[in-house]
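The values are calculated or read from the model by the stated rules, or taken from the named source; none is laboratory data. The structure displayed is predicted, hence computed values, not measured ones. Virtual Cβ from ideal backbone geometry, glycine too; neighbours counted across all protein chains shown.
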Amino acid sequence: MWYPETVGDIELIRRANQAWSQGQWRLVLETFHRDVEFHDDRALQGETKGVSGMIRYAESFMGAWTDYEIEFDDPVDAGGGVFYVPWEERAQGRGSGVHVNQSGATVYWVRDGKISRMHSFHDRATARRAAGLPLD
């Protein structure tokens, strides 16, 4: 369901995703709540907390690739400040040279005009459930 008051939240997420895809980290960080929580199902370090944790995560993640591209779909408003965003990413491993193509989705929680929580999933159905959305 779409709520007019969430237009600003959708734009916030679009701005964060565009900045991430362009490697504009300062702009990405401006979209996060200072106590942001982030979990990536692919990451070995588990959950990351706070802006400084996000900086460490981004440095570690991006340092693993020589080439990295990500394309985000438009955010889907799940209601209650929760948004679902499917993505496709392509990368080449820095040490291995292995090419990776994968899809997934990130669920965002927005509070006080900032992204307060993010959870990236390899499996879009799991992400849809986490966002409280029906499966396609």
Note to self: As an exercise: evaluate Ala105 against (1) surrounded by 13 or more Cβ atoms within 10 Å (Cβ to Cβ); (2) of a type in the set (Gly, Ala, Ser); (3) out of contact with any Phe, Trp or Tyr (no Cβ under 9 Å at 6 or more places or on another chain) and give the number of the one condition it does not meet.
What the structure shows: (3)
Item checked: Unmet requirement for Glu88, which otherwise passes all of (1) touching a Leu at 6+ places or on another chain (Cβ under 7 Å); (2) within 22 Å of Pro134 (Cα to Cα) -> (1)
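On the basis of being touching a residue at least 12 places away in the same chain (Cβ under 8 Å) and of a type in the set (D, E, K, R), does Glu37 make the cut? Write out each step before concluding.
Values: touching a residue at least 12 places away in the same chain (Cβ under 8 Å): yes; of a type in the set (D, E, K, R): yes.
Answer is yes for this residue.
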Next item on the list: Would you please name the residue that is nearest to the chain's Cα centre (by Cα), looking only at residues in the stretch 40-92 that are surrounded by 15 or more Cβ atoms within 10 Å (Cβ to Cβ) and acidic (Asp, Glu)?
Entry: Asp40
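Taking the conditions exactly as written (under 22 Å from Glu11 (Cα atoms), in contact with a Lys or Arg (Cβ under 6 Å, 6 or more places away or on another chain) and among the aromatic types (Phe, Trp, Tyr)), does Trp87 satisfy them or not?
Details: under 22 Å from Glu11 (Cα atoms): yes; in contact with a Lys or Arg (Cβ under 6 Å, 6 or more places away or on another chain): no; among the aromatic types (Phe, Trp, Tyr): yes.
No, not satisfied.
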Check: Would the stretch 72-83 turn up any residue that is aromatic (Phe, Trp, Tyr) and modelled with pLDDT under 95?
Finding: no
Next item on the list: Scan the stretch 1-33 for residues that are modelled with pLDDT of 85 or more, hydrophobic (A, V, I, L, M, F, W, C) and assigned to a helix (DSSP H, G or I) and jot them down.
Entry: Ile10, Leu12, Ile13, Ala16, Ala19, Trp20, Leu27, Val28, Leu29
